[in-house]
Amino acid sequence: MGVVTYEFEVTSPVAPTRLFKAFVLEGAKLEGDGKAGSIVKINFVEGLPFQYMKHMIGGHDENNLSYSYSLIEGGPLGDKLEKISYENQFVAAASGGSVCKSSIKFYTVGDYVITEDEIKALIQRSEVVYKAIEAFLLANPDACN
């Protein structure tokens, strides 16, 4: 198994506390109490490339607006990735809004080597979800306050 780490940032006009609440505190259905080790199952609508994903919660810190989890089943894992671990933090942007700072670790199966193009494609899929949640928050200013 190999491990590749990739770091990136996404900006948003939405306040960091609202994004944190939307992504972490008001997330999907849990199997567990929402603390470290709990499993989150996300089901997708028909027509998307995946039917579901399962995340294992690593933890979250409401004071620092940070959270971690690992994608452990479904989604883009296929037979080449064992898991993908995420560490995210929402911080205030200097110009208003926020920046989501992410560190992602890709754990490959066997001697498979993930390419930078594959990593970028996986991140682009994640950004689609991020932007959908951002659009919801912008359209619903009272949500996740």
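Over the residues of the chain, the helix contribution to mean residue ellipticity at 222 nm works out to -6500 deg cm²/dmol, using -39500 (n - 2.57) for each DSSP H run of at least 4. Could you tell me how many degrees, from 0 to 90 and to the nearest 10, lie between the Cα long axis of helix 116-139 and the main elongation axis, the longest principal axis, of the Cα atoms of the chain? For helix 116-139, the angle is close to 30 degrees.
Relative contact order for the chain: 30 percent, from Cα pairs under 8 Å spaced at least 6 residues apart, divided by residue count. If the only charges are +1 at each Lys and Arg Cβ and -1 at each Asp and Glu Cβ, what is the size of the charge dipole of the chain around the Cα centre, to the nearest 20 debye? Here the size comes out at about 200 debye.
Backbone amide hydrogens, once placed in the peptide plane, bring Ala93 within less than 5 Å of Ser98, Val99, excluding anything fewer than 5 places away on its chain.
If you build a Gaussian network model of the chain, linking Cα atoms that sit under 10 Å apart, which residue out of Lys54, Lys120, Lys83 swings the most? Of the options given, Lys120 has the highest mean-square fluctuation. In the frame of its principal axes, the range 61-107 has Cα extents of 42, 20, 14 Å, reported largest first.
With the convex hull built on the Cα atoms of the range 2-139, state its orientation-averaged projected area in nm². Average projection, Cα convex hull of the range 2-139: 8.7 nm².
Among all stretches of the chain without exposed chymotrypsin sites (Phe, Trp or Tyr not before Pro) (DSSP loop, at most 15 other Cβ atoms within 10 Å), which one is longest? It runs 51-111.
Laboratory data are not the source of any read-out in this text; all were calculated from the coordinates shown. The structure displayed is predicted, hence computed values, not measured ones. Methodologically, a virtual Cβ is constructed for each residue, glycine included, from the backbone with ideal geometry; neighbour enumeration extends over all protein chains shown.
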